[in-house]
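Written out below as structure tokens is the structure these notes cover.
The values are calculated or read from the model by the stated rules, or taken from the named source; none is laboratory data. Note that the coordinates shown come from a computational prediction; the quantities given were computed from them, not determined experimentally. We place every Cβ from the backbone using ideal geometry, glycine too, and count neighbours over all the protein chains shown.
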Amino acid sequence: MEKQIAFIIVLLISLGIFSYSAYRYYRFFKFTRPKKIGDWGKRIKMTIEIAFLQKKILRKRWVGLMHAMVWWGFLVILFGSIEMILDGIFGTEKILSFLGGFYDFMMATGDIFAPIIAIAVIAFLVRRLFMHIKRFYGPELRKIDKLDADFALTLILLLMLSLMGMNTYYQVWAQQTGNEILGYYPVTKHFAKWFMDIPTDVAYFRYQFNWWTHILLIFFFANILPYSKHFHVFMSVPNVFVSRIEPLGYIDNMENITKEVKMMLDPNAAFEEPDEGEEEQIERFGVKDVEDVTWVNYMNSLACTQCGRCVEVCPANITGKLLSPRKVMMDTRKRMKEKGPEMIKHGRDFDDGKALLGTYLTEEELWACTMCNACAQECPVNNHQPSVILDMRRYLVMEESKAPSGLNTVFANIENNGAPWQFSPEDRLLWAEGLDVPVMADVVAVGKKPEYLLWVGSAGAFDDRYKKVMRDFVKILNHLKTDYAVLGVEESDSGDVARRAGNEMLFQMQALTNIEVLNGYEVKKIITADPHDFNTLKNEYPDLGGKYEVMHHTQFLQKQISEGKLTISGGELEGKKITYHDPCYLGRANEEYEAPRKVIEALPVEMVEMKKHKSFAMCCGAGGAQMFKEAEKGEKEIFIDRTEQALETGADIICTACPFCMTMLTDGIKYKNKEEEVKNYDIAELVAISMGL
Ligand code: SF4
Ligand code: SF4
């Protein structure tokens, strides 16, 4: 009875403290921006895959497996912990043992997992304390953060040791007193044999001591977690459930901007008026401070484990720039911790002269991001760091008119010329001079409707190197007698660069204008050679009314090859060694890794992969509008690093499938003085060469 009373008191105190901590966090959520989430079926599937099956953690085989074992072990051991709480409340012994075979199974798996977790935790501690693993360090990690991680690991180790101790002495005591051993303990039954000759009262004392130690550690652990990096133990599953389900390359549409842009494009457009008495809320564009982030962004920051997997793959960080995606998450959490209590006291408008953007995160950090999504790809709790970075860029550009000078020029060019460069829109079809390229207006004028719209993109129309790629690609289309047409001078920049540089207004103006043209021609299928435009047309135009079946040119080529319509002979490429650089917006953003590889495999060449390839591929450094601005200061340029990785393969040809990657890798080859030995081609060019076109 005394044990029961003591237990219930401890349980109530623990629950009280935990509820208070949870309530503190809950109150902060009301200051964040709303975000709708739906598609529950997809979310459940994602939670099973990422949270329970540890899909992302297992991308790194051995360390991932160790971490996954700890997690799976925790889930199994949770059953025993629930039983201990019930036993504590009701003063029973092994209350769930009536479950029979299932009970034996759960006890047995818990008994097996306890030493596995203990060994894994010791290995984690050794790694943290004695091996200088880069991702465990960084200016954003204070000494206390490191101590916090080590302390939590030590607690987990003690939890496992007390669990093993409890199981061991329980069996000793049960056997000595002739009680039936409830449950099956395949590991600790061997330990129990060593202690059979200790006195029964000592065995019982040790059993109870370990029982209390284990349960008190659980209560203690649960109550320090909300103040520790290990809060993710609670937050990771719900965080994965509410996290993004869209392709990594997708960016949320800003509905408030859509309304403004539609009014600019058509002042007579009708919009729903706010109800009488209902003031239209004037919203800040983008994120300046923590109250501007969405509740999902804030939840992401609470679930961040500070593991540094995002930092480890961030091309900006790798090359010595200030940006750390982990810091973006940690700063969001810290700023809410600082401002949240004040907002509770003084209201949402409380101003302490500080802000997330400015006090915590600098413009230099934000502009260093290439929007490559490598961080989001690796994050084990499925955070999406680039969307917070982009929202801060949106604030800088749309509220403060602050963008690096190169980008201001690009914005002006897109607005005036429909391209990031200063070319006349009237020259948009000059790239096709001398070729037979059907133009949509002409084709439609004679009553035809082509099957495909070939989206040329600004680089295809104006970049000297990529104009050649487009010419080769249309030669292939003509050879295949593909039913296609281009928009010609009716095409304008897709707006991808403007959007990723934070100029949502300009993006939406471009997108809505293009959509009007595309829908006017009742376009259904689009082919493009630009992965950035591919991503924008496929994933982002639908939010604004442009719904098309969009193919990247490598997907189109692969389809023709697999259907036997395109045969490749070989010619001068025979025996060449080729490496392929995955463009971020075709690969990670849209998970297309196979189509380009299948096309290369159809060529008479030897394919060699870089160490970082497919979803692990490193960005070329051009994305996120970096192509049009000076790189932030660091130890190295990203394009040089990536070119070195390509050169390491010993390939004769570095091949890619994106105009930006092509520019970057061409520059990298020049920088390394390798122009004579190593060539840079787009996949379409390789196919055209092989076909002798
Ligand atoms: S998107 Fe790429 S560059 Fe930006 S923070 Fe993530 S990994 Fe770094
Ligand atoms: S954001 Fe994700 S990957 Fe980065 S430190 Fe946090 S949990 Fe790890």
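Does at least one position in the range 208-216 carry a residue that is among the β-branched types (Val, Ile, Thr), surrounded by fewer than 20 Cβ atoms within 10 Å (Cβ to Cβ), within 16 Å of ligand 2 (Cβ to nearest atom) and closer than 27 Å to Ala118 by Cβ? First the steps, then the outcome.
We begin by selecting, within the range 208-216, every residue among the β-branched types (Val, Ile, Thr); these are 213, 215.
Remaining after also requiring surrounded by fewer than 20 Cβ atoms within 10 Å (Cβ to Cβ): 213.
With the extra rule that they be within 16 Å of ligand 2 (Cβ to nearest atom), the set shrinks to none.
Checked the range 208-216: no residue is among the β-branched types (Val, Ile, Thr), surrounded by fewer than 20 Cβ atoms within 10 Å (Cβ to Cβ), within 16 Å of ligand 2 (Cβ to nearest atom) and closer than 27 Å to Ala118 by Cβ.
If a residue has to be assigned to a helix (DSSP H, G or I) and either buried (at least 20 other Cβ atoms within 10 Å of the Cβ) or of a type in the set (Asp, Glu) (or both) to count, how many in the range 188-206 make the cut?
4
Picking from Thr536, Thr567, which residue would you name as being buried (at least 16 other Cβ atoms within 10 Å of the Cβ) and polar (S, T, N, Q)?
On the way: Thr567 fails: buried (at least 16 other Cβ atoms within 10 Å of the Cβ).
After ruling out the rest, the residue left standing is Thr536.
When Glu365 is evaluated against the numbered criteria (1) within 16 Å of ligand 1 (Cβ to nearest atom); (2) part of a loop (DSSP other than H, G, I, E, B), which criterion, by number, is the only one it fails?
With (1) within 16 Å of ligand 1 (Cβ to nearest atom); (2) part of a loop (DSSP other than H, G, I, E, B) applied to Glu365, the lone miss is (2).
Being in contact with a helix residue (DSSP H, G or I) (Cβ under 6 Å, 6 or more places away or on another chain), within 18 Å of Leu11 (Cα to Cα) and modelled with pLDDT of 95 or more, is that true of even one residue in the range 191-210?
yes
It is to be established whether one or more residues within the range 294-308 are surrounded by fewer than 22 Cβ atoms within 10 Å (Cβ to Cβ), closer than 23 Å to Glu632 by Cβ and within 16 Å of ligand 2 (Cβ to nearest atom).
No, the range 294-308 has no match at all.
Could you please find all residues in the range 572-608 being in a helix (DSSP H, G or I) and of a type in the set (Gly, Ala, Ser)?
Hit for the range 572-608 is Ala595, nothing else.
For residues in the range 242-270 being in contact (Cβ under 8 Å) with a residue 60 or more places away in the chain and over 21 Å from Asp292 (Cβ atoms), which is nearest to the chain's Cα centre (by Cα)?
Leu248
Looking only at the range 36-58, which residues are surrounded by 15 or more Cβ atoms within 10 Å (Cβ to Cβ) and either of a type in the set (S, T, N, Q) or in contact (Cβ under 8 Å) with a residue 40 or more places away in the chain (or both)?
If the condition is that a residue be surrounded by 15 or more Cβ atoms within 10 Å (Cβ to Cβ) and either of a type in the set (S, T, N, Q) or in contact (Cβ under 8 Å) with a residue 40 or more places away in the chain (or both), then Arg43, Met46, Thr47, Ile50, Ala51, Gln54, Lys56, Ile57 are the ones that fit.
Within the range 170-187, does at least one residue satisfy the condition of being free of Cβ contacts under 8 Å to residues at least 12 places away in the same chain and either more than 23 Å from Ile85 (Cα to Cα) or outside any loop (DSSP other than H, G, I, E, B) (or both)? Before you say what the answer is, go through the steps one by one.
We begin by selecting, within the range 170-187, every residue free of Cβ contacts under 8 Å to residues at least 12 places away in the same chain; these are 174, 178-181.
Still in the running and either more than 23 Å from Ile85 (Cα to Cα) or outside any loop (DSSP other than H, G, I, E, B) (or both): 174, 178.
Among the residues of the range 170-187, at least one is free of Cβ contacts under 8 Å to residues at least 12 places away in the same chain and either more than 23 Å from Ile85 (Cα to Cα) or outside any loop (DSSP other than H, G, I, E, B) (or both), which makes the answer yes.
Of all residues in the range 321-345, count the ones that are more than 18 Å from Ile133 (Cβ to Cβ) and part of a loop (DSSP other than H, G, I, E, B).
Number of matching residues: 3.
When residues of the range 322-340 are filtered for being within 12 Å of ligand 1 (Cβ to nearest atom) and either closer than 17 Å to Ala376 by Cβ or crowded, with 24+ Cβ neighbours inside 10 Å (or both), how many remain?
So the first thing to find is which residues in the range 322-340 are within 12 Å of ligand 1 (Cβ to nearest atom), and the list is 322-329.
Checking which are either closer than 17 Å to Ala376 by Cβ or crowded, with 24+ Cβ neighbours inside 10 Å (or both) leaves us with 323-329.
The qualifying residues number 7.
With respect to Leu693, is the statement that it is in contact (Cβ under 8 Å) with a residue 60 or more places away in the chain and either touching a Ser or Thr at 6+ places or on another chain (Cβ under 6 Å) or more than 22 Å from Asn478 (Cα to Cα) (or both) true?
no
Could you grab me the full set of residues in the range 624-640 that are under 27 Å from Glu676 (Cα atoms) and within 22 Å of the chain's Cα centre (by Cα)?
Result: Met627, Ile638, Phe639.
Which members of the range 407-443 meet the condition of being in a loop (DSSP other than H, G, I, E, B), free of Cβ contacts under 8 Å to residues at least 60 places away in the same chain, farther than 29 Å from Trp367 by Cα and of a type in the set (A, V, I, L, M, F, W, C)?
Passing the criteria: Leu435, Val437.
So which residues in the range 369-396 are in a loop (DSSP other than H, G, I, E, B) and near ligand 2 (Cβ under 10 Å from one of its atoms), if there are any at all?
Cys379, Pro380, Val381, Asn382, Asn383, His384
Which one of these is farther than 30 Å from His479 by Cβ and not assigned by TED's automatic domain parsing to the domain that holds Cys375: Glu637, Glu592?
Glu637
The conditions are (1) buried (at least 17 other Cβ atoms within 10 Å of the Cβ); (2) in contact (Cβ under 8 Å) with a residue 24 or more places away in the chain, and Arg597 fails exactly one of them. Which is it?
That leaves (2) as the condition not met.
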